[in-house]
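The values are calculated or read from the model by the stated rules, or taken from the named source; none is laboratory data. Computed from a predicted model, the values in this text were never measured in an experiment. No Cβ is skipped: glycine too gets one built from the backbone with ideal geometry, and neighbour counts run over all protein chains shown.
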Amino acid sequence: MGRWRRLVNYLSTQPPVSQPWAVATPSNVFQLELLLAISLISIVATVAFKRLKRPGMFIKACGVRARKVQRTMQEIERKTFHLATLLVPIIHQILLWSGDWTNDECVKLCWVITAAGWTADLARVYGPPWARRLFPLKRLLRESEKNRITGGCYLSLGCTLTMAISPPSITLTSILFLVLGDMSAALIGVSFGGETVGLKLGRHGKKSAEGSAAMLVVCFVVGCVVFGGVELREYPVAIGAIVATLTEVIEPFGLNDNVTIPVFSSIALQFGFSRISSCHVGQGQGVALLKEIFSNFDWLY
């Protein structure tokens, strides 16, 4: 009967489970290091791709069909520019890390920048001709954005709203969902969409199951990395990843996804973490249950 005694002794020596989210929140240093690592990897990958003598052949070697190679190259060019959005959480974390800025002050700064950007863009679209001529970023505008508000304005608004309603770690994760998740959905969807699953998703049938699956996986992995020190992180992260993916597919209310993805996913993450924060503080539920079960067999030893 020594096995029972050894098992009970083992269970009794297990360390207590800390309360998730309330105890082990990601530090500013960790978040900043993670962002810098992602940025460095993105820069190296972008430079390496641009230096390829025959990028089309490389894309084709990755399994992309010949008829999709050109469009895939265009999508890569467009989405790599969106990686500049990582500057938002990087600057946010640097300001918080310096100790001279609070999160509320960062939010106020973002509102000022957002208001300035929207004012300039509205003047470009609806204002006098000279406002369009003097617009500083006119060379970066896509053809579809020349007569309407740019995606950058919606991106700025989405990041600012997310920062205003979320703690810094949630803000960072939600923006990464937008940048990396949306980018993976676009690249995988354009490259392989419709080949494995013929189902078309979205309002106009332009979304693919392959792209949505890629976004779900990327968002889940990113969330688990950010909250690597938080117990039960997989549950709220899964909720946030699912909401981010569904938001990208459904495009609720017809709003620009640069606003809806970070805002909705941040709300979902906070809901998920609020649920696990009420978990029992002390021994893990599984360990406690096993202890209770084996306590009924004291007579064996």
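Quick notes on this one:
- Taking residues in the stretch 243-270 that are over 18 Å from Gly189 (Cα atoms) and in contact (Cβ under 8 Å) with a residue 60 or more places away in the chain, and partners anywhere that are part of a loop (DSSP other than H, G, I, E, B) and of a type outside the set (Val, Ile, Thr), the pairs with Cβ atoms closer than 7 Å and at least 6 places apart or on different chains are Ser266/Ser166; Gln270/Ser166.
- Options Glu210, Glu145: the member that is modelled with pLDDT under 90 and touching a Gly at 6+ places or on another chain (Cβ under 6 Å): Glu210
Every residue, every condition in (1) more than 20 Å from Ala185 (Cα to Cα); (2) part of a helix (DSSP H, G or I); (3) in contact with a His (Cβ under 7 Å, 6 or more places away or on another chain); (4) not polar (S, T, N, Q), yes or no:
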position	(1), (2), (3), (4)
Gly63	no, no, no, yes
Met73	no, yes, no, yes
Lys79	no, yes, no, yes
His82	no, yes, no, yes
Pro89	yes, yes, no, yes
Gln93	yes, yes, no, no
Trp101	yes, no, no, yes
Glu105	yes, yes, no, yes
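- Selection count, the stretch 167-189, where residues are over 26 Å from Ala213 (Cα atoms) and polar (S, T, N, Q): 0
- One residue alone among Leu109, Leu155, Leu122 is hydrophobic (A, V, I, L, M, F, W, C), buried (at least 17 other Cβ atoms within 10 Å of the Cβ) and either at pLDDT 80 or above or under 25 Å from Phe177 (Cβ atoms) (or both), and that residue is Leu155.
- Residue within the stretch 279-298 that is modelled with pLDDT of 80 or more, part of a helix (DSSP H, G or I) and over 14 Å from the mean Cα position of the chain (by Cα) present: no
- Top-ranked residue in the stretch 253-280 [being farther than 15 Å from Leu161 by Cβ and not hydrophobic (A, V, I, L, M, F, W, C); ranked as surrounded by the fewest Cβ atoms within 10 Å (Cβ to Cβ)]: Gly254
- Residue identified as assigned to a helix (DSSP H, G or I), modelled with pLDDT under 85 and farther than 26 Å from Leu109 by Cα among Val230, Val190, Val221: Val190
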